[in-house]
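No lab work stands behind these numbers, since they all come straight from the coordinates. This structure is a prediction, so every number in the text was calculated from the model and none was measured. Counting neighbours? That spans all protein chains shown, and the Cβs are built from the backbone with ideal geometry, glycine included.
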Amino acid sequence: MNWNDLSCSIFHWTDRVAGPSAGGTITRIHNAEWGPSYLYEACGAGESILWLGFFSISECNGRLYTIFNQYLDAWGNWGDPQVNDCADANYSVRANGEIALCVSSSLDGLLWDAARNLTNTYTPNCSTVSSGGVCMDELKPTMSRYGMDSSAYGQELAWPEEELVDPSGGSYDGSHYLHIFYMEDHFPGWGYFDEGPLTLNPLKWIRLACVDPVPASQIITEPAYIGYPAYTQHNATDTVVVTVRNDGNTSLNVTRIAAVEEPGPYAGWLGLSDTALAVPAGVDNIATFSMYLNEEQQVNDPGTVVWLKGEVYLLSNADNDDSLSILVDCLVADTVIGGEWDTLATSMSARQIHPGDFTRLVVNNLGEMGSTGSGAVNLDFSTDGGECDPEATVYLCSGGPIVLRRDIEGTDTSYVVNCAMYQDDFATDLSFKPVTTGVSSGEFSGSNYDGYRTGTIVNRDSTMAVEREYYAPTGGADSTDFIVMRTEYYSFDGSTHQGLALAEVIDWDIPSDNLGDNTAGVFSDYNVVYLQGADAGPPGCQENTNRFGAMMLLGYQTNHDFVIDSCWSNCTPYGIFAGDFHQWWDMPSGMTVWDSLEANPGLNDNDFTGDQAVFTTYLFDYDLGPTDTLTLYSAVTSVHDGDTTDLKVNLEAAFEWYRTNLRPGCTSLCGCCIGLTGNVDGDPNDICDIGDLTKLIDFLFISYTPPECMEEANCDGLGSVDIGDLTKLIDFLFISYTPPAGCL
């Protein structure tokens, strides 16, 4: 299971049939491996976090019966695909569950039929809160271990007829039944985990007829799609082996396999090894065929990137999809860069605060850090042996930069958004893409740090480039609970880009009693919004409220700022806010992200306890010229067992490490002046004199567009250039730009 995917299946193991799995055989009962793209289409996730959960298996009349919860329906198991069966409320992204049934024809569980929906209560966008409507969410079904034969009692039993569920559609004429209990939840979500309204949730019973399995084949292909970053090279043919699996209980007959190419400059580039297949049911339920991409080297134009589009069509007797297509988006190129991961580790040497602590963080060349909560590489403390809770392996689950560009052309507004959080591959539109032009990815190190650089990655339309370096201090001296990042943003296509939002989002999962339940707080003097663990009951081996995580902006500057003052740095972001992770992330769009970032200037926490992310907007509605490079420094840190004072100490240590190692020679790094002395021109013998004023005005002229009156240099309108014009100009500059404290 992947948190960015939620794909899952239910399997059955039996030792009735000898096999390689602990002496037995494993078969698949039901498949919900719908892929990561469905997560972004669906209105929310399931009660059990995955698309499936709460299964129960029983024996009746010589067969096996498995029931389970299914949330939504990507493949249309029982009708049209469902993506919107969720509660309509700001604080819920939980889907309404259905109870499904799969039947095995025998007790060995080798053959299972397709899932049937026992409850069929489709209530999309149910608004229990806003309008009093009822959500129908059948939850946590349990089933009697064995079925009963009602004919054994010698007389017909008086069952409530309305409680009978006959999955055969009314044709069942037997006497064997199973008993199922479940809760009819009228607002989806764990009552102790999610906020939500109080509802009356009856416990219900149904009498399930022990129906025969439905004979049908079911087709699944792997891969189901061929696209970026998969590619083939010029003058070469790439062979892709396609596995066809039959998850049904009768033979699958694929009567036709055909290649279809979209019209373009090349033809005959998509070939096949077979035109038909037979796939048995049961243990050996797979067959394969091959696709040939760029067959017979049809494309041979080195130095270019050619996009070939088509599909491979499979016509079969499959009940779930008798006309299946494998879409093909094939790149022909010289080189496409693959994924790369690296784990950074700090050092415990010379540790004064929390002796023995050190931390690790996994990062990749797409700008993502945390690898979607891999565990023990997530700013946690489980590796050093000092962590008392073996489950506390994640603090920083996933995070990374956001680059959002708003284009306004007349009355049309469009948004281009990329976000590295939860991007472990290149398959989604949100992920950044590595390029060969620019800096290469890889490890690097210094005398007191372990480093990794992403290389150059670009946004989805290749207009903006991002390069990031990570520094994990290894020199001790209280520098083992944080990692420093240096990020550069610049125009990749050489054009001016207006309306940029440059931000960062981190899904923190500070260890808590209930999964990632966290509370938020603010350090206004550090420009930080932090998250804190929570205890739902009596503390375990330690209080989770003593666990913290935070990111801090250390400062940013442009290359033009650096020319004027090598120690120039701005430490104040546009805004930071903590928010319900799912409300923002489950259906991300450029407009949604833009509106969220714009609406949260300054520092914003909340009184919400739950799965939260922290969004840091460095610059909003920002313009970046074709020769501009914005360099930004930030740090992430965590506290194992301490308080807010310990967290502040970590932030201060991170800033000092950055100042000393990455900005050597700078005594202070927050403001236009060097420190707070107002000494801009570098003269050690004065503080804020005419030389400083001159340099400040020079700086402002470079960084800001002067008013239109400067075209004639007559700002006060009273004649030629004179002292009045200078006064008016200074007034304009000081109104438009507030100098830092202590400077002029």
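So for each of 390-403, 19-32 I average, over its residues, the number of other beta carbons within 10 Å; can you give me the resulting order with the highest mean first? Write down the numbers at each step before the final one.
Numbers: 390-403: 23.4, 19-32: 16.5.
In descending order of packing, they fall as 390-403, 19-32.
With a 10 Å radius around each residue's Cβ, average the other Cβ atoms per peptide and rank 167-176, 643-652, highest first. Please report the intermediate quantities before stating the final value.
On the way: 167-176: 14.1, 643-652: 17.6.
Per-residue mean Cβ counts within 10 Å order the peptides as 643-652, 167-176.
When a/c reaches 1.5 or more, the comparison of a/b and b/c decides; with that in mind, is the stretch 147-271 rounded, prolate or oblate per its Cα gyration tensor? If you can, show how the numbers build up before the last one.
Working: a/c = 4.46, a/b = 1.92, b/c = 2.32.
Judged from the Cα gyration tensor, the stretch 147-271 comes out oblate (a/c at least 1.5, b/c at or above a/b).
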Inset, instruction - For the stretch 483-640, build the charge dipole from Cβ charges (+1 Lys, Arg; -1 Asp, Glu) around the Cα centre, then report which of LEU531, ALA503, TYR633 sits farthest towards its positive end. - result: TYR633
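Which net charge results when you count Lys and Arg as +1 and Asp and Glu as -1 among the other residues whose beta-carbon is under 11 Å from that of TYR225? Could you put the intermediate results ahead of the total?
Numbers: positive: none; negative: GLU222, GLU311, ASP329.
Within the 11 Å Cβ shell, the charges total -3.
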Inset, instruction - Distance between Cα centroids, the stretch 398-463 to the stretch 97-119: provide it in whole Å. - result: 44 Å
Legend entry - Viscosity 1.306 mPa s, 10 °C: Kirkwood-radius Stokes-Einstein D of the stretch 478-612 over Cα pairs, µm²/s: 92 µm²/s
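For a footprinting-style exposure proxy, rank MET464, MET148 by other Cβ within 10 Å, fewest first. Please list the in-between numbers first.
Details: MET464 25, MET148 18.
Lowest to highest Cβ neighbour count: MET148, MET464.
Students often check this: by mean Cβ neighbours within 10 Å, which of 259-271, 499-511 ranks highest, and how do the rest follow? Don't skip to the answer; put the middle values down first.
Working: 259-271: 14.2, 499-511: 25.8.
In decreasing order of mean packing, 259-271, 499-511 become 499-511, 259-271.
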